[in-house]
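A short worksheet on the structure shown next.
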Amino acid sequence: MNAEVRPPAMARPGATTHASKDNILLVDDDPGVIQMMGRMLRDVGNLRFATSGADALRQLCKAAPDLILLDAEMPGMSGFQLFDVLKADPALAEVPVIFVTSHTEPAFEAAGFDLGAADFIGKPVRASLLVARVKTQLRFKRMADQLRGFATVDSLTSLANRRCFDAALTREWKRARRSGESLSLLMIDVDHFKLFNDRYGHPAGDQCLRAVARAMAGATMRPADLVARVGGEEFAMLLPITPREGAEHMAHRVLDAVESLGVCHASSPTAGHVTVSVGISCYDDASACWIEPSADSRFASDMLVLCSEADMMKAADKAVYAAKHHGRAQAWLLDVADVETPALARVTAPVRARQRREARPEPAAVEP
């Protein structure tokens, strides 16, 4: 932001902050226009400012706002060019954009609406109109966010649902292949869950799943890690930029976290408490289908034929099956490149984790 842009709402000593309000980004190459709109909107939300398209992109890379007020005509990158960049980025495509422009011709506005603009405001800007339209778009944004939340959150556990997980897996797989980053996936099944429901009833089963979900969410260590419920008693944990050693460590964190719940399961042939089985699939520099990062990796033809995100799922599923077949309450790993050779799956038992579990007394089981 240029030094001369100092909207009063941001500079007043002792001014009330808008920590709980919406975030609005004002983009205009005229500092006077920014300062004027800043005064008009100072009580509406948290305001950020940019005087060029490039400056706006730098700020958008740090955090996505709830609304953008964008000058249509700017030198260098125009407002419409910046708008095209926003709509091409999945992380920014849903942010509403109000164009602020001196062009008020119907054809100009119609073209903008066809591109996906939320609204148009003509210059010179009137305070009452600006505040009303900004509040309207922010209200629409909150409603849309709430609906998207309903569509991507599992209602029982409050974890991500299958739809959200599938989209994240596809996105992270493409990112890993293009950037040369590792990716790991854990598939997690609650052991003998049907027997649990038969003995304690479905309400207790729901409580059990919620407890397991909280334990798995608590085991994650980074915001980028995604925990999802993908089936009845099936969960998944997506671990970007995580090689197999890190995935094995996380798998045993999950085993320990669920075991530590001490939820009684008197009908389980495996243990007197609820346990889980974990299957790991991984894509890293030890995988046969690994692609070394390069300037041409985005266009490499072998990216289209070597492995896929579906193979990640299949490999993790087959690793879960191996864990169940060999006694449950353990973690097995199958590389994504070995998805068609499940016999290559191997048990993962870090020495420290195994010794810790063997030395630990049986947890005090809690009857549902």
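The values are calculated or read from the model by the stated rules, or taken from the named source; none is laboratory data. Because the structure is a prediction, the values reported are computed rather than measured. Backbone-built Cβ (ideal geometry, glycine too); neighbour counts: all protein chains shown. Keep in mind that these areas ignore ligands, DNA and RNA; they rest on the heavy atoms of the full protein, side chains included. Shrake-Rupley method; radii C 1.70, N 1.55, O 1.52, S 1.80 Å.
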Under the Cβ-under-4.7 Å rule, which cysteines of the chain stay unpaired?
-> Cys61, Cys164, Cys208, Cys264, Cys282
Taking Cα pairs under 8 Å and at least six residues apart, what relative contact order does the chain come out at, in percent?
-> 12
For Val125 the rounded accessible area (nearest 10 Å², probe 1.4 Å, non-protein molecules ignored) is 20
Find how many whole Å separate the alpha carbon centroid of region 142-195 from the alpha carbon centroid of region 318-342.
-> 21
Please give the solvent-accessible surface of Trp290 in Å², to the nearest 10, using a probe radius of 1.4 Å with every protein chain present.
-> 50
Descending accessible area (1.4 Å probe), largest on the left, turns Tyr283, Tyr321, Tyr200 into Tyr321, Tyr200, Tyr283
With only helices counted (DSSP H, runs n ≥ 4, each -39500 (n - 2.57)), the per-residue ellipticity at 222 nm for the chain, to the nearest 500, works out to -13500 deg cm²/dmol
If you stretched the chain out fully between Glu292 and His326, how much longer would it get, using 0.36 nm times the residue separation minus the C-alpha to C-alpha distance?
-> 8.7 nm
Positive-end extreme of charge dipole, region 161-314 - chosen from Ala167, Thr270, Trp290 (charges on Cβ) | Ala167
Where the centre of each part is set by its Cα atoms, how far does region 74-108 sit from region 210-281, in angstrom?
-> 43
Quick one: if the Förster radius is 35 Å, what FRET efficiency do Arg210 and Arg346 give, using the C-beta to C-beta distance and rounding to 0.05?
-> 0.65
GNM top mover of Pro203, Pro240, Pro223 - the chain, alpha-carbon springs below 10 Å = Pro223
Residue pairs, from the table Lys62/Lys314; Lys62/Lys141; Lys174/Lys324; Lys21/Lys62; Lys62/Lys135, whose Cα atoms sit over 27 Å apart | Lys62/Lys314; Lys174/Lys324
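Would you work out the relative contact order for region 135-231, in percent, from Cα pairs under 8 angstrom that are 6 or more residues apart?
On the way: 51 pairs, mean separation 39.3, N = 97.
Answer for region 135-231 is 41 percent.
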For the chain, built as a Gaussian network whose Cα springs stay under 10 Å, the top-fluctuating residue of Asp285, Asp335, Asp43 | Asp43
In whole Hz, the Karplus estimates of ³J(HN,Hα) for region 264-277 (6.51, -1.76, 1.60; θ = phi - 60°; x where Gly or Pro) are 4, 9, 5, 8, 7, x, 8, 7, x, 9, 5, 10, 10, 10
